[in-house]
1. Only Cα pairs within less than 10 Å get springs; with that Gaussian network setup on chain B, which residue of B:Lys324, B:Lys40, B:Lys187 has the largest fluctuation?
2. May I have the pair-distance distribution P(r) for the protein assembly as shown, computed from all Cα-Cα distances with 20 Å bins from 0 and rounded to whole percent?
3. With label points built 7 Å along Cα→Cβ from the Cα atoms of B:Ala38 and A:Glu412, find their separation and express it in nm.
4. Above 31 angstrom, tally the Cα pairs of chain C and express them as a % of all pairs, no decimals.
5. If you check each cysteine of chain C for another cysteine whose beta-carbon is under 4.7 Å away, which ones come up empty?
6. Where both partners of a DSSP beta bridge lie in the protein assembly as shown, what percent of those bridges are antiparallel, to the nearest 5?
7. Would you mind classifying chain A by shape? Square roots of the alpha carbon gyration tensor eigenvalues, ordered a ≥ b ≥ c; an a/c under 1.5 is rounded, otherwise it is prolate if a/b is larger than b/c and oblate if not.
8. What number comes out for the charge environment of C:Pro119, summing +1 per Lys or Arg and -1 per Asp or Glu over other residues with Cβ under 15 Å away?
Amino acid sequence: MFGAGAMTNSIPEIRGTDLMFVIGSNTTEAHPIIAMEMKRAKKNGAKLIVADPRRIWLADIADLYMQLKPGTDVALLSAMMHVIVTEGLHDREFVDKHTTGFEDLVASVSEATPEWAEGITEVPAEDIRTAARLYATTEKAGIYYTLGITEHSHGTDNVYGLANLVLMTGHLGKENCGMNPLRGQNNVQGANDAGASPIYYAGYQRVDDPVAQAKFEAAWGTELSPTPGMNLNVMMKHMGGLIRGLFIMGEDIVLSEPNTERVEAGMNGLDFVVVQDIFLNETTRFADVVFPAACFAEKDGVFTNSDRRVQRVRKAVDAPGQARPDWQILVQLAQAVGYPMPDYQHPSEVYAEMAQLSPKFSGISHERLEDNVSGLQWPCPDPEHPGTVTMHSDGPIIGKAPFQTIAYRPSEELPNSDFPLLLSTGRTLYHYNSGTQTRRASGAVAKQPENFIEISRRDARKRGLDDGQLVRVSSRRGTVIAAINISPRMKRGCVWMPLHFPEANTNRLTNDVGDPVTQTAEFKVCAVRVQALVQAAK
Amino acid sequence: MSDLTVPILTGPTLTLTLDGEQVHAQDGETLLDVCRRAGKDVPTLCAEDRVDPMGSCRMCLVEVEGQRRLQPSCAFKVQAGQVVQTDSDKVQRHRQLLLSMYLADHELDEDDLPRERGTGNLLRQHVLNHGTGPDLPPINAPREYRMENNPYIHFDPGACVLCNLCVRYCDEVEAVSAITLAGRGAKTTIATADQKGLLDTTCEMCGGCIAVCPTGAMTEKPSLASNFQEEKVVRSTCNFCGVGCQVNLHTQDNKIVRVTSPPPGETVNDGNLCVKGRFSMEFVQHQDRLTEPLIRGKDGGLHPTSWENALKVAAEGLMAVRQKHGTDSLGFISSSRCTGEENYLLQKLSRAAFGTNNCHQCAAT
Amino acid sequence: MQKHNANRPAVMDLLEHHGGLAPGVSAKVSEETGVPEADIYGVVSFYTLLAKPGVARVCQGISCAMAGCDALADALDARGEPYEKVSCLGYCDQAPVQIDRELELTKFGPVGSVTPDDPDLPINLAGHDDASYNALAAFEEMEPDAFLDQLQSSGLQGRGGAGFPAWIKWKAVRNEAAGIRYVVVNADEGEPGTFKDRETMLRRPHRLIEGLAIACRYVGATTAYIYLRGEFPAPRRALEVALAQARPHLTGLDIRLTMGHGAYICGEETALLEAIEGKRGMPRLKPPYPTQVGLFGEPTLINNVETLACVPEIVLRGGDWFKNLGKTEPGSKLYCISGHIQSPGVYELPLGATLNALVQAAGGYVGTPKAFSPGGASSGFLPMDYAETPLDFKGLAKVGSMLGSAGVVVLNDTVDMAQAVRWQQIFFEDESCGQCAPCRIGCRMQRQAIDAFIETGKVASLEHTEDLHWEMEEGSICGLGMVASLPLLTAQKHFPTEFEGS
């Protein structure tokens, strides 16, 4: 955002903050350990502002809770900016020194009064004012968000809105502040860092940058394409058309991508599919070849967490049967198609190659990680560098950071009389994503054995639905069966479902429309209807 | 059972006398902080860096000049000019008598020592290090417990010293407050509301109660049969969400038998884990794991094959698509679940071996 | 962690309202207050009136035991009525006693006596309860420093048992940095043998309220709490009436009556604060002291009922007048006396009066006296050799006993000392809060030791009692553990022949 896509600050800094603005993150369930740090900050006297359509657990201990309508974040954030600039609460010095485009931004939010936003978000105008004032006037104030911000058709605008708040209040480059996306998976950050991206090589070097291209061509001893590739959401849409073969490592795309029916049709249109995984899953149903892989406990390597911390993964047990570590399989497959991939003896050699090609982490090596028990945080440009705890401490890395004007537009698919409820999706504490691992954990199974749909008492009563009753949930794209969970957390007109159950795959419902910039799909908003499977015995 | 960290001096200091020697301390520190820095063996049961001091176990009492009675070093604040003794006759007598009393209220093994459980019993260590006073008859205090309805957490009141760390951790750190001290006097115990099973409470099964328990009264149910002294420990990074918690994988006979956190203070998780990190590793040894390469047969089913053949079929299949539909008809989907090195190799495979930038992974948070 | 804006102090009243410990009650109160359910269960299981609600209670305290409380229990057994045996109900002068499920006295002996009306006594239990609030008016005419001088010269010591000079606490709270501060009245009278605060609240509630009002005005508190023992419904009614009458004199002052729920330990001042806050009554570590960090974390003055009741006359007649009422220490003192005595009751005598003088006021001994406790269970037992020893704070401490709350209990030669010890040790075992190991384990061990001695007659049963006492005194968090072995230890010391075994 300001020159790097990662948490600007570090997880251990949370405990020293004075204000936390948590939006679009059910932190206690998705990131329990970060939530513990937030609770610790709260115990030390920090204020907590929570914005979420679902009355999540953090809302119970929050000083201010804003229950906004799903998909209206831009309106909320615009109104907060409006309050800050009209009340003169912005950090003039920081704005002058480190940003561009402030005048345009001020103009763009001039109409975005809290009263206007109340009409859209259903959050009382006075609460929006309070939130804006608290955030702007607290020196150590951090923003924490996750997929509740990004998984929208306007996800980029949501992120811009948050970035604008950070910039106008100067909450950047200082301890206990910043803009902090909490990464959903163990190595999202590391996968991006390593170049699992259609536009970047490892270390965020663009494939269409001739200098980078030349560097990687020299290192890898082959010609490389300067044309950016397709991202995942685009690939999914072109399966059977432009895309005819897939190699899939460690991901159950049939379960995890939105609009399952369309994904399945696409998979059927492929000529050849290779899957590399630790279990059979929904995607292996379409595979021509399946490679058995080692899991994290059976191999060496590194994961990079949300706060850019590179940490070691170490082999503890042997992989079962003939299963092999993914890195070995990849080398062997490359060699099988005739590319002379080196015979790496250990992942440390792979890391060394990557680090040498990537200035952001060229100071990091497996060897150094042995001595740094808390890992190393990039940027870490040389072997003497201690790593970077707080980014942008000398001003934004990109120089002057631009404000981005944003304008509220409704989500792509809104409720109507056929599909009257607004569905959001997410993760629970006990399960993890496609459930491959946690559906095999006894505690998770005992606590949450089957898919469920959270619904407000009023909406349930209106439909004559009882707690625990099985219902048919349908969207324009598909239908799944789930158990009713009447929940005081839910706002009227809204429902919520988890994503962990292959036999009742919530993504049969979700919308694959993407954000125009990132193509990230709108998992968080689609329209559904809920009907009793069998009439409740009365 | 977690260790206490040694605090580091960062600001201006004051001076006090500890066991006859001049030592430095910082305003606001406790006597225990000073003792730990000076390497004094002051035993504790109820002290933990992540929760407020309670001073209830009374193990850490020291003699402070001018104070009529022994004082809990975990809570007693330093003052310039204090004269403190950690090993006087009085302190020793107290420690040994108190340990005798604890023994009378604790389940013992065949050597009349506190039984080893979980990852060790701190009370046993204190008894071995400091000795005991007279042999006291067991007190047979009846303590109820009925929180068993859950797959992960076992509580044995016979090994509980009522340090209240589990309750304080559950409230102050994890903030779910699923358990409490209940009852009064010698019958005091750890309980849930209405003595319900943990599954029916707010418990999130993070297992922090196990991690902070000094005596192993709280243990991992799945690890009850495992002897921690025979376990091999490998430090790694949790494979679930993006926090990057450090885990110690305890293994025995090529199986993960227990997961613990490294001690608080040095890692991003500060000694904490969640239900997934601590307990959801059953998948690693699960019978459904893929153990051999598979290829799709003419019958439409997947059939085992050799690695050599699987690699050959995969290579030929992908190259055939490339030849027929062009380089960019192939897509490579990587995984945020795999290591950095593997993601690097996958994009290298995509770009260098197959010539396409159609390479991505699922999560673009 | 509590919900934002949780209403913790309401927990106790709600638990009582919902009928105490029963499945689902904690959940209900959690919903109503925002306090975690488990936390509430911890509270409801701590207080006996909440943990075992709705039954009759038969007192087993030493005075009731000597007066034949077993007969009451037998009668209930015979009728098949459910009841609880409890360690003390605070009516030793009317022993043996029993209360019903509404906590009202249903069985009791002759009503206790008090010193006859004498206007020259500071409290004067038999006198007319003056509701003029003249002392408060006089205080408001005084300079605060002048008042403090009087309080200091009066030599008034805390009448709850510790004997700490009152003026030091008052001054400390007044001198704390600006902000909220509280005054709390410790009316949780529970020491076996003690019932003077009960009589003061019944007979002279305005004395207490006036003293409290003066304290609030002096330290700058606008809110005060009276924490009243739960088993005292009659004093509660008396206070409520008096508070209503006093209202015109208490402008700007919010005096709240908080009921206890059956826990002796809440008489310990910091446990009492925890109870008002809606928590388990477990004493806090000191330091910090309540004068600095007290109720809800604010500076708090905590005084006993009798202490505050002395203040109005000190204001009206001056510190020296009060001081000179004493014999060996300043002031007069409410002495309770029960057991083998002709007229059990509360007698206001010069501080430092001897046992013989007190017994004389109370009509003489019954039978041949053998032993006495000068200050409740916590003071242990003394032989009659000490009948001419002044009953004061310093002197009794010197002989290894204490004045405490001045709840004197006399035992005659029909009582077996081992049995007497056992009654007291049962009391302490029942009432230990269980927080710290020396007291939790020690109280149980001492009780088991005396049980074993009585059962087997073996001296070996008692071989560790002194070590245990040492550790409990040295290692416990609060005073309960420190004194809990005294009945056993003092009896062993002063009556060795009764512990020689068989």
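Every number here is computed from the coordinates shown, using simple stated rules; none is lab data. Please read these numbers as outputs of a predicted model, since none were measured by experiment. A quick note on method: Cβ atoms are made from the backbone with ideal geometry, for glycine too, and the neighbour counts reach across all protein chains shown.
1. Ranking B:Lys324, B:Lys40, B:Lys187 by mean-square fluctuation puts B:Lys324 first.
2. P(r) over the protein assembly as shown, rounded to whole percents: 9, 32, 31, 19, 7, 1.
3. With each label placed 7 Å out from Cα toward Cβ, I get 6.9 nm.
4. On the way: 53445 of 125751 pairs.
So the pairs more than 31 Å apart make up 43 percent of the total in chain C.
5. C:Cys88, C:Cys92, C:Cys216, C:Cys266, C:Cys310, C:Cys336, C:Cys433, C:Cys436, C:Cys439, C:Cys443, C:Cys478
6. Numbers: 76 of 151 bridges.
Antiparallel: roughly 50 percent of the beta bridges in the protein assembly as shown.
7. Numbers: a/c = 1.65, a/b = 1.11, b/c = 1.49.
Since a/c reaches 1.5 but b/c is at least a/b, the shape of chain A is classed as oblate.
8. Values: positive: C:Arg203, C:Arg204, C:Arg207, C:Arg317; negative: C:Asp117, C:Asp118, C:Asp120, C:Asp129, C:Asp130, C:Glu313, C:Glu348.
The answer is -3.
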